[in-house]
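Beneath this line is the structure, given in C-alpha cells, with notes to follow.
The values are calculated or read from the model by the stated rules, or taken from the named source; none is laboratory data. Everything numeric here is computed off the predicted structure, so don't read it as measured data.
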Amino acid sequence: MASRNRLVASEDVNGEKWDRCLTDTVVKTASGLALGIVFSAILFKRRPWPVFLGTGIGIGMGYSNCQNDLRSPHVHSSPIPTTRPDRHVPTKPSDN
C-alpha cells in the first residue's frame, strides 16, 4: 500500500517517459526496417525504397508517440484501480 502512495520525483517521471519513448521508437524503427526488407525481397525485386519507407514510417510513428507521451501530464505507470466506482457492492446480506 505504501508503494502506491509514494511520491515520485519529477526527474524520475521524465526519465520513465524518455525510456519508454526511446524503447518505443527503437522497436517501431526496427519493425519498419524488417517489414521493408521483407517487402523489398518478396514484392519489389530488391529495390531499396521499401526499406527506407518502412524505416521512415517507424521513426515517424515513434516520434509522434514521443511527442504525445512527453506532452501528457499523466504518469502511465500508476496502478489500475481494482474496483469501479459506479458498481455498488452490498455490505449487508439480503433479507431473502
Within the stretch 1-60, the residues that are of a type in the set (Asp, Glu) and either assigned to a loop (DSSP other than H, G, I, E, B) or at pLDDT 90 or above (or both) are Asp19, Asp24
Per the filter on the stretch 61-86, residues at pLDDT 65 or above and either more than 16 Å from the chain's Cα centre (by Cα) or not in a helix (DSSP H, G or I) (or both) are Ser72, Pro73, His74, Asp86
